[in-house]
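Have a look at the structure below, then the notes.
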Amino acid sequence: MTTAPATIRLTQYAHGGGCACKIPPGELEAVVAGLTHTGPVSPAAELVVGLDDGDDAAVVRIAGGQGLVLTTDFFTPVVDDAHTFGRIAAANALSDVYAMGGTPVVAVNLLGWPRDVLPAELAAEVLRGGLETAQEAGCHVGGGHSIDDPEPKYGMAVTGVLDLDRVIRNDAAVAGTPLSLTKPLGVGVLNNRMKATGEVSAEAVASMTALNRDAALAALAAGVRAGTDVTGFGLLGHLYKMARASGVTAVVDAAAVPYLTGAREALAAGYVSGGTRRNLDWVRPHADLSAVDGDEALLLADAQTSGGLLLAGEVPGAPVIGEFVPRGEHVLVVR
């Protein structure tokens, strides 16, 4: 028997929420080991960006110096409202195209739904939210695929285009370049608090539903060629991947990192996801975190959903939170 929509809290039907339910980064790298540097004997197109450095999306070369960028992202509910969940999941999926410097063109829905537990009208609200966000991005939604699933899940597979001479990659950071962040951190702890108490952070919802389109356009205008977006592996996890792939050390000025209102209070109250703790455990052997306490380190590793862009360069309106320097003893340094 299904539950009445007015009484349903979607987050209570999933073991995790948002990008915090991603497979841990170290475990994921072990799973895909051996899949890099492989391809078809006679490829139909050149793969420009693939699995090698764990970038945000795949890119293949097409005619006229253009690239086709492809990505997919889906997760369990991060908020209780179905329409808002759809908006957040779509913004998060589109973000990977923006993180590569691309423009989303067409998306298809990916929906898992416990059809004997949750009403179909809620699934329709999820899809409506995703459609609204895609339309805001100027991106078509051309159908998709759905399955009967024990947990609700939603996301999109997105195809976009980009200029190959201006592609933004996670392996192109250069020493001497400042590091900018386009959205504040703290979504993870605030969402964890919401799941436990029902207390919604309007600021966190606004951040998660905001497209990274303008940030990507500003980055391209500023000549940025290295970047990524901050999602389930947290600021430290995604920055570690970027610095490692680029052969540099990333230095973070902890005092310059922006946070959403209430994030520190949510952390102090213990609303920390297992994903955040795994993020910190993953980067700790490669990082100098001696300048900050354990709570600050957890906030820097907080598993984000639909976070901002992390860019090698200065972008108007985005705080500079550190810099890239020549590779030293550690891949990450927090000062």
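Quick look at the values:
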quantity: Some residue of the stretch 211-224 being in contact with a helix residue (DSSP H, G or I) (Cβ under 8 Å, 6 or more places away or on another chain) and among the β-branched types (Val, Ile, Thr); calculated: no
quantity: Filter result for the condition that a residue is open to solvent by 20 Å² or more (accessible area, probe 1.4 Å), touching a Ser or Thr at 6+ places or on another chain (Cβ under 7 Å) and among the β-branched types (Val, Ile, Thr), over VAL158, VAL205, VAL187; calculated: VAL205
quantity: Unique match (being exposed (fewer than 15 other Cβ atoms within 10 Å of the Cβ) and acidic (Asp, Glu)) among ASP295, ASP288, ASP302; calculated: ASP295
quantity: Complete set of residues in the stretch 222-276 that are touching a Leu at 6+ places or on another chain (Cβ under 6 Å), over 20 Å from SER207 (Cβ atoms) and not hydrophobic (A, V, I, L, M, F, W, C); calculated: TYR240
quantity: Matching residues, the stretch 1-50, being under 19 Å from the mean Cα position of the chain (by Cα), at pLDDT below 65 and of a type outside the set (A, V, I, L, M); calculated: GLY17, GLY18, CYS19
quantity: Selected residue (only one of ALA312, ALA303 is touching a residue at least 60 places away in the same chain (Cβ under 8 Å) and within 21 Å of ARG213 (Cβ to Cβ)); calculated: ALA312
quantity: Check on SER180, farther than 21 Å from PHE74 by Cα, outside any helix (DSSP H, G or I) and either of a type in the set (S, T, N, Q) or at pLDDT below 95 (or both); calculated: yes
quantity: Condition met for LEU111 (touching a residue at least 60 places away in the same chain (Cβ under 8 Å) and touching a strand residue (DSSP E or B) at 6+ places or on another chain (Cβ under 9 Å)); calculated: no
quantity: Of residues in the stretch 40-84 being open to solvent by 60 Å² or more (accessible area, probe 1.4 Å) and among the aliphatic types (A, V, I, L, M), the one farthest from GLU132 (Cα to Cα); calculated: VAL41
quantity: Residue list for the stretch 48-67, restricted to those being part of a strand (DSSP E or B) and without any contact (Cβ under 8 Å) to a residue 40 or more places away in the chain; calculated: ALA58, VAL60
quantity: Single residue of the stretch 265-284 satisfying the filter (of a type outside the set (Asp, Glu) and more than 19 Å from the chain's Cα centre (by Cα)) that is least open to solvent (accessible area, probe 1.4 Å); calculated: ALA266
quantity: Hey, ASP171 within 30 Å of VAL331 (Cα to Cα) and either under 16 Å from the mean Cα position of the chain (by Cα) or of a type outside the set (A, V, I, L, M) (or both) or not; calculated: yes
quantity: Answer residue from the stretch 190-202, given it is surrounded by fewer than 24 Cβ atoms within 10 Å (Cβ to Cβ) and hydrophobic (A, V, I, L, M, F, W, C) and is nearest to PRO77 (Cα to Cα) among those; calculated: MET194
quantity: In the stretch 248-264, residue surrounded by the most Cβ atoms within 10 Å (Cβ to Cβ) [restricted to those that are assigned to a helix (DSSP H, G or I) and of a type in the set (A, V, I, L, M)]; calculated: ALA263
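The values are calculated or read from the model by the stated rules, or taken from the named source; none is laboratory data. What you see is a predicted model, and the numbers here were worked out from it, not measured in a lab. Heads up, the Cβs are rebuilt from the backbone with ideal geometry, glycines too, and the neighbour counts pull from every protein chain shown. SASA here: full protein model, heavy atoms, side chains in, ligands and nucleic acids out. Shrake-Rupley method; radii C 1.70, N 1.55, O 1.52, S 1.80 Å.
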